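In what follows, a single structure is set out as structure tokens and then discussed.
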Amino acid sequence: MERKILKNKTYLYLTEFFAGMSVMAVELGASRLLAPYFSSSQIVWTIIIGTIMIAMALGNLYGGRSADKDPNPDKLYARILVAAIWIAAIPVVGKYIVIAVAGLVIFTVNSNYLVIAGFVTCMIVFVFPLFLLGTVTPSLVKYSVDSLDESGSTVGRLGAFNTIGSIIGTFVPTFISIPAVGTSISFLIFAGILLVLAAIYFMSTKLPIGKIKKVPVSIALFLICCILGHDASFAFWQNNLTYEGESIYNYLQVYESPNEVVLSTNVLFGVQSLYRKDGSLTGMYYDYAMAAPLMSEVSDLSEIKDKKMLILGMGSGTYATQCRRYFGDMYIEGVEIDGKITELAEEYFELPDDIQVTTYDGRAYLNAITDQYDVIMVDAYQDITIPFQMSSVEFFSLVKSHLNPGGVMVVNMNMRGSTEGSINDYLSDTIASVFSEVYTADVIGSTNRELFASDDPKMLDHLTSNTEKLTATDISAAEEADTPETNTEALHDMMLKVGSGLVKYTPGDRILTDDKAPVELLGMRVIDEIIRDELNGIDSIDDVMNMM
């Protein structure tokens, strides 16, 4: 049967180009689909890359055998049609598959929840369409090579077009489509490209009507997926969100109640920032971290407003806002790698206009400046997505070099493990190798632990002395900040709680370095432990859903 379109090798090269582009786009989309549920750590990326490589390898084997056995291009472009519809369906059913797999896995395995759940999800959702796209290259080689004399150059061109397509498929989703229209529509865009590619082939070839009709059927299915999958809502059990969207780095949601505004970058669990509309304390780790400015020697609380503070991992600015409210108009600047979060902070969380926030990596920022600070807050850890470059002895040494004499570093460690050798033990040992004084306090009612580090041996004495000044008869700092007296009393009570909970850390030899910092594996152990603890008393998946 005549297929004139295949006589034009440009079309075959374009097929290779768009197949390569779509593979990489789906891979990046996979990371965004899984991140709200399983994190975006190196472990999850390893699972995604590994399963996709499995799919492509199997596709290459099958495609080569199929092309040798029955070199019919109709079958190749039919596979591309199927891959297009499958990819288009991911925004419609993908999140339901993720939560179903997660619910089943936590009741069937005892450890490595994230690895197993992530792997099973990838196998179900992504392996089949990428297996089909993996058949493209060996099939096109069969149709493109006319003689052995030109086989090398032809295969080389196909490989080049595939690689160029993969490059574009890497940059476009990350920097253009996902930030502009979201992950769901990005899946639909690349599925649509594959659909058009296959439709052009079938519509330009004189085939029986029975084979041609698969094109309108595929178009109809694609349109259904566009209607059902374009809303891009990840938190399908969360109603009345104030904001839901995506940035280059995160899935983001903001929800509001009469008393507070909350930022979350995680669907299953976790609150990244919380803002109390009445100005009261949050009851979260931010309150504990407010002990850091009080660990410096001052003759009067009003002197705290003269301190300089740097926050690495600014988020929506809860910590900065609270310090301004309670300690006066102190100088605060922040670093936040996700510029979209800073925009949300200004729009929904009343981040003061005069607080400078730089969109940058925290460690890179420290390397670029020479400023000194009295307090440096490190709040850049999220589940097991701990930047290894901000967990090493080299990083904490860099932080120390930017502290004034007597300055304090406070670190929010958000996964408190109870077993020996947890991620927090490694972080604490590493910090204790840099600072002479290290104290920790567990945040009641959460998995967070606050760590305070300094070279000032009197840091606890300063905290005790300054806490005593936080009474109803001495509210000079509160007056400076225009803070109600009752709030100052609340801060006094909170600082008493922090002081009583502080434990001097006894260092060990578990040191993280730039060369060796297995933070994801260490964090995964803690997540396993947390999940096991949470599962005590839970009998069904319905109970899991009710927790969300």
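Bear in mind these aren't lab numbers, they're just calculated from the coordinates by the rules spelled out. All of these numbers come straight from a predicted model, not from anything done at the bench. Because the Cβ atoms are built from the backbone with ideal geometry, glycine has one as well, and the counts that use them run over all protein chains shown.
Once the Cβ-Cβ distance between residue 145 and residue 181 is put in as r, and R0 is 35 Å, what FRET efficiency do you end up with, to the nearest 0.05? Efficiency for this residue pair is about 0.35.
Put a dot 7 Å past the Cα of residue 259, heading toward its Cβ, do the same for residue 54, and the two dots end up 4.7 nm apart.
For the pair residue 212 and residue 271, the difference between a 0.36 nm per residue extended length and the Cα-Cα distance amounts to 16.1 nm.
Look at the Cα gyration tensor of the chain: its axes a ≥ b ≥ c give a/c of at least 1.5 with a/b over b/c, and that counts as prolate. Each Cα pair under 8 Å and six or more residues apart adds its separation to the average, and for the stretch 4-229 the resulting relative contact order is 41 percent.
Less than 5 angstrom separates the built amide H of residue 408 from those of 375, 376, all sequence-distant by 5 or more or on a different chain. Estimate the FRET efficiency between residue 164 and residue 516 by the formula 1/(1 + (r/R0)^6), using the beta-carbon distance for r and 41 Å for R0, to the nearest 0.05. Working from the Cβ atoms, E equals 0.65. In degrees between 0 and 90, to the nearest 10, how far off the longest principal axis of the chain does helix 423-432 point, with axes built from Cα atoms? Roughly 50 degrees, rounded to the nearest 10.
Evaluate the charge dipole of the chain about its Cα centre and quote only its size in Debye, nearest 20, assuming +1 on the Cβ of each Lys and Arg and -1 on the Cβ of each Asp and Glu. Can you show the working numbers first?
On the way: 36 positive and 64 negative charges, 823 e Å.
It comes to approximately 3960 debye.
Projecting the Cα atoms of 298, 172, 280 onto the dipole axis of the chain, where Lys and Arg carry +1 and Asp and Glu carry -1 at the beta carbon, places 172 farthest toward the positive end.
Taking 41 Å as R0, compute the FRET efficiency from the Cβ-Cβ separation of residue 8 and residue 100 and round it to 0.05.
Working: r = 45 Å, r/R0 = 1.10.
Efficiency, from the Cβ-Cβ distance: 0.35.
Seen against the Cα atoms of the chain and their longest principal axis, helix 318-327 is set at about 10 degrees.
Taking the charge dipole of the chain about its Cα centre, with +1 at Lys and Arg Cβ atoms and -1 at Asp and Glu Cβ atoms, the residue from 488, 103, 337 reaching farthest to the positive side is 103. Within the chain, DSSP assigns beta bridges of which about 60% are antiparallel (rounded to the nearest 5). State the extension gain, in nm to one decimal, for the chain segment bounded by residue 444 and residue 493, taking 0.36 nm per residue of separation less the distance between their alpha-carbons. Extra length available between residue 444 and residue 493 comes to 16.2 nm. Rounded to the nearest 10 degrees, the angle from helix 214-229 to the longest Cα principal axis of the chain is 10 degrees. Between residue 46 and residue 300, the modelled label-to-label distance comes to 5.7 nm, taking each label 7 Å out from Cα in the direction of the beta carbon. Using just its DSSP H runs of length 4 or more, each adding -39500 (n - 2.57), the chain gives a mean residue ellipticity at 222 nm of -17500 deg cm²/dmol after division by all residues.
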